[in-house]
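A short write-up of the structure that comes next.
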Amino acid sequence: MSKSDAQLSAIIDDVVRRNPAEPEFHQAVHEVLGCLGPVLDKHPEYVDQKVVERICEPERQVMFRVPWMTDSGEVRVNRGFRVEFNSQLGPYKGGLRFHPTVTLGTIKFLGFEQVFKNAITGQRIGGGKGGSDFDPKGRSDNEVMRFCQSFMTELYRYLGEHTDVPAGDIGVGGREIGYLFGQYKRITNRYESGVLTGKGLGWGGALVRTEATGYGTTFFVSEMLKVRGRSLDGQTVVISGSGNVAIYAIEKVTQLGGQVVACSDSSGYVHDPKGIDLDLLKQIKEVERGRVSDYAERRGGAAKFVQGSSIWQIPCTVALPCATQNELNEDDARALVSNGVIAVAEGANMPSTPEAVKVFQDAGVAFGPGKAANAGGVATSGLEMQQNHSRDRWSFEYTEEKLLQIMRCIHNLAYETAEEYGVPGDYVLGANIAGFVQVADAMMAMGLV
Ligand code: GLU
(Lines give C-alpha, C1' and ligand atoms only; values in the text may rest on other atoms or scores of the structure.)
Protein backbone atom coordinates (compact mmCIF):
# COMPACT_ATOMS: atom_id res chain seq x y z
CA MET A 1 0.00 0.00 0.00
CA SER A 2 1.41 3.43 -0.93
CA LYS A 3 1.76 6.18 1.68
CA SER A 4 -1.23 8.05 0.19
CA ASP A 5 -3.41 4.94 0.18
CA ALA A 6 -2.56 4.35 3.84
CA GLN A 7 -3.48 7.97 4.65
CA LEU A 8 -6.76 7.64 2.79
CA SER A 9 -7.63 4.40 4.49
CA ALA A 10 -7.05 6.05 7.89
CA ILE A 11 -9.39 8.89 6.85
CA ILE A 12 -12.06 6.38 5.80
CA ASP A 13 -11.74 4.61 9.17
CA ASP A 14 -12.20 7.93 10.88
CA VAL A 15 -15.27 8.82 8.81
CA VAL A 16 -16.82 5.44 9.69
CA ARG A 17 -16.05 5.91 13.37
CA ARG A 18 -17.37 9.47 13.53
CA ASN A 19 -20.51 8.78 11.50
CA PRO A 20 -21.84 5.51 12.92
CA ALA A 21 -24.79 3.65 11.38
CA GLU A 22 -24.60 5.51 8.07
CA PRO A 23 -23.59 2.70 5.68
CA GLU A 24 -24.54 4.52 2.48
CA PHE A 25 -22.45 7.53 3.46
CA HIS A 26 -19.52 5.22 4.24
CA GLN A 27 -19.99 3.55 0.84
CA ALA A 28 -19.97 6.87 -1.02
CA VAL A 29 -16.88 8.10 0.85
CA HIS A 30 -15.13 4.79 0.26
CA GLU A 31 -15.79 4.99 -3.47
CA VAL A 32 -14.45 8.53 -3.86
CA LEU A 33 -11.46 8.22 -1.52
CA GLY A 34 -10.58 4.87 -3.09
CA CYS A 35 -9.71 6.82 -6.26
CA LEU A 36 -7.65 9.60 -4.71
CA GLY A 37 -4.30 7.88 -4.00
CA PRO A 38 -2.62 9.10 -7.21
CA VAL A 39 -3.98 12.63 -6.64
CA LEU A 40 -2.42 12.87 -3.18
CA ASP A 41 0.86 11.50 -4.55
CA LYS A 42 0.85 14.44 -6.97
CA HIS A 43 -0.40 17.06 -4.49
CA PRO A 44 1.22 16.70 -1.06
CA GLU A 45 -0.24 20.12 -0.19
CA TYR A 46 -3.72 18.52 -0.07
CA VAL A 47 -2.40 16.17 2.60
CA ASP A 48 -0.73 18.95 4.61
CA GLN A 49 -3.88 21.05 4.52
CA LYS A 50 -6.16 18.09 5.36
CA VAL A 51 -8.33 18.79 2.32
CA VAL A 52 -9.75 15.26 2.18
CA GLU A 53 -10.72 15.29 5.86
CA ARG A 54 -12.39 18.67 5.39
CA ILE A 55 -14.30 17.58 2.27
CA CYS A 56 -15.73 14.59 4.16
CA GLU A 57 -17.20 16.84 6.84
CA PRO A 58 -20.39 18.71 5.80
CA GLU A 59 -20.17 22.48 6.26
CA ARG A 60 -23.56 22.50 7.99
CA GLN A 61 -26.28 19.94 8.78
CA VAL A 62 -29.78 20.78 9.90
CA MET A 63 -32.47 18.44 11.22
CA PHE A 64 -35.90 19.65 12.19
CA ARG A 65 -39.38 18.60 13.25
CA VAL A 66 -42.10 18.63 10.58
CA PRO A 67 -45.57 18.40 12.17
CA TRP A 68 -48.58 18.17 9.87
CA MET A 69 -52.18 17.00 9.86
CA THR A 70 -53.85 14.27 7.77
CA ASP A 71 -57.18 14.87 6.03
CA SER A 72 -58.91 13.02 8.85
CA GLY A 73 -57.41 15.33 11.46
CA GLU A 74 -54.65 13.08 12.83
CA VAL A 75 -51.38 14.72 13.83
CA ARG A 76 -48.22 13.33 12.23
CA VAL A 77 -44.59 14.14 12.93
CA ASN A 78 -41.77 13.65 10.42
CA ARG A 79 -38.12 14.61 10.42
CA GLY A 80 -36.67 17.10 7.94
CA PHE A 81 -33.02 17.28 6.85
CA ARG A 82 -30.75 19.59 4.90
CA VAL A 83 -27.06 18.80 4.64
CA GLU A 84 -25.14 21.75 3.22
CA PHE A 85 -22.05 19.85 2.24
CA ASN A 86 -19.76 22.13 0.31
CA SER A 87 -20.04 25.67 -1.06
CA GLN A 88 -16.59 26.15 -2.59
CA LEU A 89 -17.82 26.37 -6.18
CA GLY A 90 -21.18 28.07 -5.62
CA PRO A 91 -24.34 27.96 -3.49
CA TYR A 92 -25.28 24.58 -2.05
CA LYS A 93 -27.31 22.80 -4.72
CA GLY A 94 -29.12 19.50 -4.67
CA GLY A 95 -32.52 17.92 -4.38
CA LEU A 96 -34.94 17.02 -1.62
CA ARG A 97 -35.94 13.38 -1.19
CA PHE A 98 -39.24 12.43 0.47
CA HIS A 99 -39.21 8.70 1.18
CA PRO A 100 -39.94 6.66 4.33
CA THR A 101 -36.41 5.17 4.31
CA VAL A 102 -34.66 8.56 4.44
CA THR A 103 -32.23 9.02 7.35
CA LEU A 104 -29.44 11.51 7.98
CA GLY A 105 -27.03 8.94 6.50
CA THR A 106 -29.03 8.79 3.24
CA ILE A 107 -28.93 12.56 2.89
CA LYS A 108 -25.21 12.67 3.70
CA PHE A 109 -24.41 10.09 1.04
CA LEU A 110 -26.46 12.00 -1.50
CA GLY A 111 -24.94 15.33 -0.48
CA PHE A 112 -21.42 13.97 -0.70
CA GLU A 113 -22.06 12.60 -4.21
CA GLN A 114 -23.62 15.90 -5.18
CA VAL A 115 -20.44 17.87 -4.35
CA PHE A 116 -18.40 16.07 -7.02
CA LYS A 117 -21.27 15.70 -9.49
CA ASN A 118 -22.01 19.41 -9.38
CA ALA A 119 -18.31 20.26 -9.77
CA ILE A 120 -17.99 18.32 -13.03
CA THR A 121 -21.06 19.98 -14.56
CA GLY A 122 -19.00 23.19 -14.80
CA GLN A 123 -22.07 25.14 -13.60
CA ARG A 124 -20.41 26.70 -10.54
CA ILE A 125 -22.67 25.11 -7.96
CA GLY A 126 -21.80 23.66 -4.56
CA GLY A 127 -23.29 20.49 -3.14
CA GLY A 128 -26.12 19.82 -0.71
CA LYS A 129 -29.08 17.54 -0.23
CA GLY A 130 -32.18 17.36 1.92
CA GLY A 131 -35.43 15.60 2.48
CA SER A 132 -37.63 13.83 4.93
CA ASP A 133 -38.84 10.40 6.00
CA PHE A 134 -42.33 11.51 4.90
CA ASP A 135 -44.04 8.96 2.62
CA PRO A 136 -46.02 10.74 -0.10
CA LYS A 137 -47.47 7.44 -1.39
CA GLY A 138 -51.24 7.37 -0.96
CA ARG A 139 -51.36 10.94 0.42
CA SER A 140 -53.91 13.42 -0.96
CA ASP A 141 -52.82 16.65 -2.65
CA ASN A 142 -53.94 18.56 0.42
CA GLU A 143 -51.89 16.40 2.75
CA VAL A 144 -48.82 16.82 0.54
CA MET A 145 -49.42 20.57 0.50
CA ARG A 146 -49.69 20.80 4.28
CA PHE A 147 -46.56 18.72 4.68
CA CYS A 148 -44.59 20.88 2.20
CA GLN A 149 -45.77 24.07 3.90
CA SER A 150 -44.69 22.81 7.30
CA PHE A 151 -41.35 21.58 5.91
CA MET A 152 -40.59 24.95 4.28
CA THR A 153 -41.67 26.89 7.37
CA GLU A 154 -38.53 25.55 9.01
CA LEU A 155 -36.23 25.14 5.99
CA TYR A 156 -36.67 28.64 4.49
CA ARG A 157 -34.22 30.26 6.93
CA TYR A 158 -31.31 28.26 5.48
CA LEU A 159 -32.11 28.93 1.81
CA GLY A 160 -31.52 31.71 -0.68
CA GLU A 161 -30.62 31.98 -4.35
CA HIS A 162 -26.99 32.69 -3.39
CA THR A 163 -26.99 30.39 -0.36
CA ASP A 164 -28.76 27.08 -0.89
CA VAL A 165 -30.99 26.06 -3.80
CA PRO A 166 -32.97 22.81 -3.40
CA ALA A 167 -34.80 20.94 -6.16
CA GLY A 168 -36.56 17.60 -6.53
CA ASP A 169 -35.41 14.02 -6.05
CA ILE A 170 -37.35 10.83 -5.26
CA GLY A 171 -40.84 11.80 -4.04
CA VAL A 172 -40.40 15.48 -4.88
CA GLY A 173 -41.59 16.65 -8.31
CA GLY A 174 -43.34 19.65 -9.81
CA ARG A 175 -46.31 19.49 -7.40
CA GLU A 176 -44.12 19.55 -4.30
CA ILE A 177 -41.80 22.27 -5.67
CA GLY A 178 -44.91 24.40 -6.27
CA TYR A 179 -46.10 24.07 -2.67
CA LEU A 180 -42.57 24.67 -1.33
CA PHE A 181 -42.03 27.75 -3.49
CA GLY A 182 -45.43 29.18 -2.54
CA GLN A 183 -44.64 28.87 1.15
CA TYR A 184 -41.10 30.31 0.76
CA LYS A 185 -42.58 33.33 -1.05
CA ARG A 186 -45.21 33.89 1.65
CA ILE A 187 -42.77 33.70 4.53
CA THR A 188 -40.01 35.81 3.01
CA ASN A 189 -42.17 38.21 0.97
CA ARG A 190 -39.69 37.78 -1.88
CA TYR A 191 -40.29 36.45 -5.37
CA GLU A 192 -36.91 34.79 -5.39
CA SER A 193 -37.20 32.54 -8.44
CA GLY A 194 -33.65 31.23 -8.13
CA VAL A 195 -34.21 29.73 -4.67
CA LEU A 196 -35.64 26.45 -5.98
CA THR A 197 -35.30 24.67 -9.30
CA GLY A 198 -37.71 22.34 -11.06
CA LYS A 199 -40.39 25.04 -10.95
CA GLY A 200 -43.47 25.08 -13.17
CA LEU A 201 -43.00 26.50 -16.66
CA GLY A 202 -45.45 29.36 -16.02
CA TRP A 203 -43.60 30.67 -12.94
CA GLY A 204 -39.85 30.56 -13.40
CA GLY A 205 -39.28 26.96 -14.43
CA ALA A 206 -37.06 25.99 -17.34
CA LEU A 207 -37.87 23.89 -20.37
CA VAL A 208 -36.03 20.53 -20.39
CA ARG A 209 -35.57 20.46 -16.58
CA THR A 210 -38.22 17.73 -16.26
CA GLU A 211 -36.59 15.64 -18.96
CA ALA A 212 -32.99 16.50 -18.11
CA THR A 213 -31.81 13.65 -15.87
CA GLY A 214 -33.17 10.88 -18.11
CA TYR A 215 -32.11 12.63 -21.32
CA GLY A 216 -28.67 13.36 -19.84
CA THR A 217 -28.10 9.74 -18.82
CA THR A 218 -29.02 8.69 -22.33
CA PHE A 219 -26.62 11.22 -23.86
CA PHE A 220 -23.90 9.96 -21.53
CA VAL A 221 -24.38 6.32 -22.50
CA SER A 222 -24.39 7.35 -26.18
CA GLU A 223 -21.01 9.00 -25.67
CA MET A 224 -19.61 5.90 -23.99
CA LEU A 225 -20.88 3.78 -26.88
CA LYS A 226 -19.40 6.23 -29.40
CA VAL A 227 -15.93 5.72 -27.91
CA ARG A 228 -16.38 2.02 -28.69
CA GLY A 229 -17.58 2.67 -32.22
CA ARG A 230 -21.19 1.86 -31.34
CA SER A 231 -24.46 3.77 -30.92
CA LEU A 232 -27.80 3.33 -29.17
CA ASP A 233 -29.48 2.50 -32.46
CA GLY A 234 -30.70 -1.09 -32.37
CA GLN A 235 -29.70 -1.74 -28.74
CA THR A 236 -32.01 -3.61 -26.39
CA VAL A 237 -32.28 -1.54 -23.24
CA VAL A 238 -33.49 -2.31 -19.71
CA ILE A 239 -34.26 0.71 -17.51
CA SER A 240 -35.16 0.23 -13.86
CA GLY A 241 -37.53 2.61 -12.13
CA SER A 242 -40.55 4.36 -13.59
CA GLY A 243 -40.23 7.82 -12.07
CA ASN A 244 -39.05 11.03 -13.64
CA VAL A 245 -35.54 9.78 -14.51
CA ALA A 246 -36.66 6.46 -16.00
CA ILE A 247 -39.54 7.93 -18.02
CA TYR A 248 -37.35 10.46 -19.82
CA ALA A 249 -34.53 7.98 -20.30
CA ILE A 250 -37.07 5.70 -22.02
CA GLU A 251 -38.19 8.64 -24.17
CA LYS A 252 -34.69 9.63 -25.32
CA VAL A 253 -33.41 6.07 -25.81
CA THR A 254 -36.44 5.37 -28.00
CA GLN A 255 -35.85 8.58 -30.00
CA LEU A 256 -32.25 7.49 -30.58
CA GLY A 257 -33.30 4.09 -31.93
CA GLY A 258 -32.94 1.85 -28.88
CA GLN A 259 -35.71 -0.45 -27.74
CA VAL A 260 -36.61 -0.26 -24.05
CA VAL A 261 -38.13 -3.60 -23.04
CA ALA A 262 -38.57 -3.23 -19.27
CA CYS A 263 -39.03 -0.84 -16.37
CA SER A 264 -39.97 -1.26 -12.72
CA ASP A 265 -41.15 0.10 -9.38
CA SER A 266 -40.72 -1.08 -5.81
CA SER A 267 -43.30 -3.85 -6.30
CA GLY A 268 -41.75 -5.50 -9.37
CA TYR A 269 -41.04 -5.03 -13.07
CA VAL A 270 -42.85 -5.10 -16.40
CA HIS A 271 -41.35 -6.86 -19.37
CA ASP A 272 -42.70 -5.54 -22.66
CA PRO A 273 -40.62 -7.21 -25.39
CA LYS A 274 -42.04 -5.07 -28.22
CA GLY A 275 -41.01 -1.87 -26.44
CA ILE A 276 -42.54 0.17 -23.60
CA ASP A 277 -45.60 2.21 -24.62
CA LEU A 278 -44.44 5.55 -23.26
CA ASP A 279 -47.76 7.40 -23.56
CA LEU A 280 -49.46 4.74 -21.45
CA LEU A 281 -46.63 4.72 -18.90
CA LYS A 282 -46.71 8.53 -18.60
CA GLN A 283 -50.50 8.49 -18.16
CA ILE A 284 -50.26 5.92 -15.36
CA LYS A 285 -47.22 7.33 -13.56
CA GLU A 286 -47.45 11.09 -14.13
CA VAL A 287 -51.21 11.62 -14.24
CA GLU A 288 -52.73 8.78 -12.20
CA ARG A 289 -49.71 8.24 -9.88
CA GLY A 290 -50.29 4.48 -10.35
CA ARG A 291 -48.05 1.39 -10.40
CA VAL A 292 -46.28 -0.49 -13.19
CA SER A 293 -48.62 -3.45 -12.53
CA ASP A 294 -51.45 -1.19 -13.79
CA TYR A 295 -49.37 -0.62 -16.94
CA ALA A 296 -49.09 -4.38 -17.57
CA GLU A 297 -52.82 -4.84 -17.05
CA ARG A 298 -53.73 -2.07 -19.50
CA ARG A 299 -51.22 -3.33 -22.10
CA GLY A 300 -53.23 -6.53 -22.38
CA GLY A 301 -51.11 -9.54 -23.34
CA ALA A 302 -48.17 -7.48 -24.67
CA ALA A 303 -46.48 -6.94 -21.31
CA LYS A 304 -45.96 -9.15 -18.29
CA PHE A 305 -45.74 -7.94 -14.69
CA VAL A 306 -43.33 -9.88 -12.49
CA GLN A 307 -43.53 -9.30 -8.77
CA GLY A 308 -40.51 -9.11 -6.52
CA SER A 309 -37.78 -10.51 -8.77
CA SER A 310 -34.83 -8.72 -10.37
CA ILE A 311 -35.28 -6.74 -13.58
CA TRP A 312 -31.60 -7.33 -14.37
CA GLN A 313 -32.28 -10.96 -15.35
CA ILE A 314 -33.83 -9.69 -18.60
CA PRO A 315 -31.33 -9.92 -21.47
CA CYS A 316 -30.20 -6.54 -22.80
CA THR A 317 -27.18 -4.86 -24.35
CA VAL A 318 -27.55 -1.56 -22.44
CA ALA A 319 -28.71 -1.21 -18.82
CA LEU A 320 -29.71 2.06 -17.15
CA PRO A 321 -30.41 1.70 -13.42
CA CYS A 322 -32.70 4.66 -12.72
CA ALA A 323 -34.49 3.63 -9.49
CA THR A 324 -32.50 4.00 -6.28
CA GLN A 325 -29.28 3.25 -4.37
CA ASN A 326 -27.92 -0.31 -4.24
CA GLU A 327 -30.66 -1.70 -6.48
CA LEU A 328 -28.17 -3.63 -8.66
CA ASN A 329 -25.96 -6.16 -6.85
CA GLU A 330 -23.14 -8.49 -7.79
CA ASP A 331 -25.46 -11.30 -8.97
CA ASP A 332 -27.42 -8.84 -11.08
CA ALA A 333 -24.19 -7.56 -12.64
CA ARG A 334 -23.08 -11.13 -13.41
CA ALA A 335 -26.45 -11.86 -15.04
CA LEU A 336 -26.16 -8.71 -17.17
CA VAL A 337 -22.60 -9.56 -18.22
CA SER A 338 -23.46 -13.14 -19.14
CA ASN A 339 -26.43 -11.86 -21.17
CA GLY A 340 -24.07 -9.64 -23.19
CA VAL A 341 -24.46 -6.13 -21.74
CA ILE A 342 -21.97 -3.68 -23.29
CA ALA A 343 -22.75 -0.45 -21.43
CA VAL A 344 -24.27 0.53 -18.07
CA ALA A 345 -24.99 4.13 -17.06
CA GLU A 346 -26.47 5.10 -13.72
CA GLY A 347 -29.50 7.41 -13.87
CA ALA A 348 -30.03 7.01 -10.12
CA ASN A 349 -27.54 7.90 -7.38
CA MET A 350 -25.26 4.96 -6.51
CA PRO A 351 -27.64 2.24 -7.80
CA SER A 352 -24.85 -0.32 -8.30
CA THR A 353 -23.19 -1.88 -5.26
CA PRO A 354 -19.36 -1.69 -5.19
CA GLU A 355 -19.22 -5.43 -5.99
CA ALA A 356 -21.44 -4.91 -9.03
CA VAL A 357 -19.25 -2.06 -10.30
CA LYS A 358 -16.23 -4.34 -10.03
CA VAL A 359 -17.97 -7.07 -12.06
CA PHE A 360 -18.73 -4.57 -14.84
CA GLN A 361 -15.23 -3.13 -14.87
CA ASP A 362 -13.52 -6.54 -14.79
CA ALA A 363 -15.69 -7.67 -17.71
CA GLY A 364 -14.75 -4.58 -19.77
CA VAL A 365 -18.31 -3.20 -19.77
CA ALA A 366 -18.47 0.60 -20.24
CA PHE A 367 -19.66 1.82 -16.84
CA GLY A 368 -20.85 5.39 -16.22
CA PRO A 369 -21.26 6.18 -12.50
CA GLY A 370 -24.21 8.31 -11.38
CA LYS A 371 -22.19 11.34 -10.48
CA ALA A 372 -21.27 11.69 -14.14
CA ALA A 373 -24.12 9.94 -15.96
CA ASN A 374 -27.02 11.52 -14.04
CA ALA A 375 -25.51 15.01 -13.74
CA GLY A 376 -27.78 16.32 -16.51
CA GLY A 377 -30.56 16.97 -13.99
CA VAL A 378 -28.62 19.24 -11.72
CA ALA A 379 -26.77 20.79 -14.68
CA THR A 380 -30.11 21.83 -16.14
CA SER A 381 -31.05 23.20 -12.72
CA GLY A 382 -27.95 25.36 -13.21
CA LEU A 383 -29.42 26.47 -16.55
CA GLU A 384 -32.73 27.25 -14.79
CA MET A 385 -30.81 29.41 -12.29
CA GLN A 386 -29.11 31.24 -15.16
CA GLN A 387 -32.50 32.00 -16.71
CA ASN A 388 -33.90 33.14 -13.35
CA HIS A 389 -30.98 35.49 -12.74
CA SER A 390 -31.26 37.06 -16.19
CA ARG A 391 -35.10 36.93 -16.31
CA ASP A 392 -34.79 35.12 -19.60
CA ARG A 393 -36.54 32.08 -21.10
CA TRP A 394 -34.83 29.71 -23.48
CA SER A 395 -36.47 27.43 -26.07
CA PHE A 396 -36.63 23.67 -25.67
CA GLU A 397 -34.23 23.10 -28.59
CA TYR A 398 -31.66 25.61 -27.32
CA THR A 399 -31.75 24.17 -23.79
CA GLU A 400 -31.58 20.57 -24.95
CA GLU A 401 -28.55 21.40 -27.10
CA LYS A 402 -26.88 22.96 -24.03
CA LEU A 403 -27.63 19.81 -22.02
CA LEU A 404 -26.15 17.64 -24.76
CA GLN A 405 -22.97 19.74 -24.81
CA ILE A 406 -22.70 19.60 -21.01
CA MET A 407 -23.06 15.80 -21.01
CA ARG A 408 -20.39 15.54 -23.71
CA CYS A 409 -18.07 17.72 -21.64
CA ILE A 410 -18.67 15.62 -18.52
CA HIS A 411 -18.03 12.43 -20.47
CA ASN A 412 -14.83 13.80 -21.98
CA LEU A 413 -13.61 15.19 -18.66
CA ALA A 414 -14.10 11.83 -16.91
CA TYR A 415 -12.61 9.93 -19.86
CA GLU A 416 -9.56 12.18 -20.20
CA THR A 417 -8.92 12.35 -16.46
CA ALA A 418 -8.94 8.54 -16.29
CA GLU A 419 -6.44 8.44 -19.16
CA GLU A 420 -4.25 11.07 -17.52
CA TYR A 421 -4.10 8.94 -14.35
CA GLY A 422 -3.24 5.80 -16.33
CA VAL A 423 -6.56 3.95 -16.04
CA PRO A 424 -8.21 4.49 -19.44
CA GLY A 425 -11.94 3.82 -19.60
CA ASP A 426 -12.43 4.03 -15.81
CA TYR A 427 -15.18 6.65 -15.59
CA VAL A 428 -15.52 6.13 -11.82
CA LEU A 429 -11.94 7.19 -11.23
CA GLY A 430 -12.12 9.93 -13.86
CA ALA A 431 -15.27 11.53 -12.45
CA ASN A 432 -14.14 11.28 -8.82
CA ILE A 433 -10.71 12.78 -9.48
CA ALA A 434 -11.97 15.52 -11.79
CA GLY A 435 -14.63 16.60 -9.28
CA PHE A 436 -12.34 16.35 -6.28
CA VAL A 437 -9.51 18.40 -7.79
CA GLN A 438 -11.84 21.30 -8.64
CA VAL A 439 -13.25 21.46 -5.13
CA ALA A 440 -9.86 20.89 -3.48
CA ASP A 441 -8.19 23.69 -5.47
CA ALA A 442 -10.96 26.11 -4.55
CA MET A 443 -10.58 25.13 -0.89
CA MET A 444 -6.84 25.67 -1.01
CA ALA A 445 -7.37 29.13 -2.51
CA MET A 446 -9.88 30.23 0.12
CA GLY A 447 -7.80 29.73 3.22
CA LEU A 448 -8.68 27.33 6.00
CA VAL A 449 -12.37 26.78 5.21
N1 GLU B 1 -31.85 15.32 -7.32
C2 GLU B 1 -31.10 15.52 -8.52
C3 GLU B 1 -29.72 14.93 -8.37
O4 GLU B 1 -29.57 13.91 -7.72
C5 GLU B 1 -31.14 16.96 -9.01
C6 GLU B 1 -30.71 18.00 -8.04
C7 GLU B 1 -30.93 19.44 -8.52
O8 GLU B 1 -31.44 19.66 -9.59
O9 GLU B 1 -30.55 20.32 -7.75
O10 GLU B 1 -28.74 15.38 -8.91
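The values are calculated or read from the model by the stated rules, or taken from the named source; none is laboratory data. Keep in mind that this is a model prediction, so the values were computed, not measured. Heads up, the Cβs are rebuilt from the backbone with ideal geometry, glycines too, and the neighbour counts pull from every protein chain shown. Just so you know, the surface numbers come from the protein's heavy atoms only, side chains and all, with ligands and any DNA or RNA stripped out. Shrake-Rupley method; radii C 1.70, N 1.55, O 1.52, S 1.80 Å.
Descriptive notes on the structure:
- Helix-derived mean residue ellipticity, 222 nm - over the chain, DSSP H n ≥ 4, -39500 (n - 2.57), to 500: -14500 deg cm²/dmol
- Flagged links, alpha-carbon separation over 29 Å, of 129/252; 3/129; 285/371: 3/129
- A Gaussian network model of the chain, with springs between Cα atoms under 10 Å, assigns the largest mean-square fluctuation among 437, 237, 75 to 75.
- Springs join every pair of Cα atoms under 10 Å in this Gaussian network model of the chain, and among 374, 189, 349 the largest mean-square fluctuation is at 189.
- Within the chain, DSSP assigns beta bridges of which about 55% are antiparallel (rounded to the nearest 5).
- Inter-part distance, region 30-96 to region 190-218, computed on C-alpha centroids, equals 22 Å.
- Normalised size of the chain, defined as Cα radius of gyration per 2.2 N^0.38 Å with N residues, equals 0.94.
- Axial C-alpha extent at least 24 Å, average Kyte-Doolittle at least 0.5 - helices from the chain (DSSP): 104-121, 427-445
- Farthest towards the positive end of the charge dipole of the chain, among the residues 409, 197, 374, is the Cα of 197, using unit charges on the Cβ of Lys, Arg, Asp and Glu.
- Bridgeable aspartates and glutamates around residue 108 (alpha carbons under 16 Å apart, same-chain partners fewer than 8 residues away excluded): 14, 22, 24, 31, 53, 57, 59, 84, 133, 164, 169.
- By accessible area, using a 1.4 Å probe on protein heavy atoms only, region 297-449 has 50% of its surface on carbon and sulfur.
- Carbon + sulfur, % of accessible area of region 69-220 - ligands and nucleic acids excluded, 1.4 Å: 47
- DSSP loop GluC sites (Glu not before Pro) with at most 10 other Cβ within 10 Å excluded, longest remaining stretch of the chain: 75-287
- Surface accessible to a 1.4 Å probe, per residue, for the residues of region 21-65, Å²: 49
- Gaussian network model of the chain, Cα within-10 Å springs - most flexible of 183, 88, 49: 49
- Per residue, the accessible area of region 157-243 comes to 36 Å² when a 1.4 Å probe rolls over the protein heavy atoms.
- Cα-based Rg of region 158-257 normalised by 2.2 N^0.38 Å, two decimals: 1.35
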